[in-house]
1. When 1/r is averaged over all different Cα pairs and the result inverted, which Kirkwood radius in Å belongs to segment 296-430?
2. Output the peptides 50-57, 100-107, 380-387 sorted from most to least packed, where packing is the average of other Cβ atoms within 10 Å over each peptide's residues.
3. Which FRET efficiency value, to the nearest 0.05, do you get for Trp148 and Ala17 by plugging their Cβ-Cβ distance into 1/(1 + (r/R0)^6) with R0 = 22 Å?
4. So how far apart, in nm, are the two label points at Ala37 and Glu426 if each is 7 Å from Cα heading toward Cβ?
5. Above 23 Å lies some portion of the pair distances; for segment 235-343, what is it as a whole percent of all C-alpha pairs?
6. With an 8 Å cut-off on Cα pairs and a minimum separation of 6 or more residues, tell me the relative contact order of the chain in percent.
7. Segment 323-343 to segment 87-131: how many Å between their Cα centroids?
8. Length gain on complete extension for the stretch Arg98 to Gln228, per 0.36 nm per residue less the alpha carbon to alpha carbon distance?
Amino acid sequence: MKIQISEQQRAAWEKAAQYLLPSFRHNEQAGQIQLLAERGEGNYLIDLDGNHILDFNMLKNPFGHAPERLAARLAEQAGKLWDTEDVLSPLMGRVAERLVKLLPEGFSSISLYASGSEAMEAALSVARGAVSARRKRIMAMEGNYHGWTFGSLLASTNSAGRRTHPSWLSTVLVPMPRSLDALPGDTSSVDSSATLDVVKQTLKTDNSIGIFVAEPIQMTSGVGIPPQGFWAELREILQEHDILVISDEVSTGGWRNGSLLAAPELQPDLVVFCKTIGAGLGTCAMAARNEVTQRSRASVPMRHNQLAATIVDAALDEVNRLELPLKVPTMAVRLADAARNFRAKHRWICHARAFGLLATLDLLGDGTTRQDAESRAFALARAALERGLRLACVGSQVLLLPTLIIDEPGLEKAFGILEDALQALEADSG
Ligand SMILES: Cc1ncc(COP(=O)(O)O)c(C=O)c1O
């Protein structure tokens, strides 16, 4: 059943959108149905008319909308101390210690930033400051996304920003080996030897490359998952050439699959993580191995914002209280099963992939070919939203990105709505 959007809400939406960049209007499914968020509760976004929208675009809110415990901690801190510039606080010290103790051996310091893009800037600066003047060139993988700032664009390919500023980007790109289908039990896999060969050959001839940037599971380009063992093999090659490795774990690290790091076998020298510790405020951490921080001549600022530190402290408490390392993998199996069944049932869904509590359904356009697949995916996400389920949408895919606290009824409900939405589209197309 479709949710009802009142004329009042539509008018309020128009008023709220009046002074925003026009691009906002065209890209947002919510904008197209003029849905205006007023508040949130757990897995639900609540609009001005009181419609409850099951939110499966929750990368940034892994504990749900307005989680009570986190809100209480923020309110308490807000009455005490906000930003302290460069003055240290016991809270900041405690948060840094907690984060460092979660990281692999060799990391002994971290810094906090306001967003993933900013944390990537810091990682790139520290890495570039640690390599010699002749080795500052970056190698990255096609399909990566690291943010929208100029530095993070250096390593991103999946970004409108890169298309706008291609001329000054001299990053060396190598293909990401990724299967079209990647659910537990899927047998289709890709051969990663071509990529490994390209990396080997390139590093033999190009001495200007000193840094490799990885997005271990490519999120924004649609849950790109390399075959098992790939990162460990790549790591060996990079090590032979003394290349510093930055792992961007902003999206897929942070317990999305139950662990802090999505690909620990990459053994990064610098790591950036993640939406979970920011829990909706955007706070991200950057950490570098001791050898790197000692070698680096870059001076990067750190945010001593006590509200940001509070959210990280409270988020880490929630990870423990909710037993996410234990519970997320169980729910992830349910999500992958549901995606598998959906793919099997609908000929419009040609591929499905999942990594922890993140799944994608890849659409065929006209039911048999890829023509118009992007507009079909957008139409599906929009039809789902009209029925009370919010999804993310990238290219020809709809992404299912629930909170880390999603339960079985929540998953069932989401796939029920998705089913209705797809049936409605199929009926419309005749
Ligand atoms: C892998 C990855 N890196 C970096 C970023 C940039 O993070 P932010 O949007 O917080 O700047 C994103 C955002 O989605 C991301 O997915």
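FYI, it's all coordinate maths here, none of it is from the lab. Because the structure is predicted, anything quoted here is derived from the model rather than measured. Ideal geometry is used to build each Cβ from the backbone, glycine not excepted, and the neighbour counts take in all protein chains shown.
1. Over segment 296-430, the inverse of the mean reciprocal pair distance is 16.8 Å.
2. Per-residue mean Cβ counts within 10 Å order the peptides as 380-387, 50-57, 100-107.
3. 0.60
4. The answer from the label model is 3.1 nm.
5. 43 percent
6. In percent, rounded to a whole number, it is 20.
7. Cα centroid of segment 323-343 versus Cα centroid of segment 87-131: 31 Å apart.
8. Stretched fully, the Arg98-Gln228 segment lengthens by 43.8 nm.
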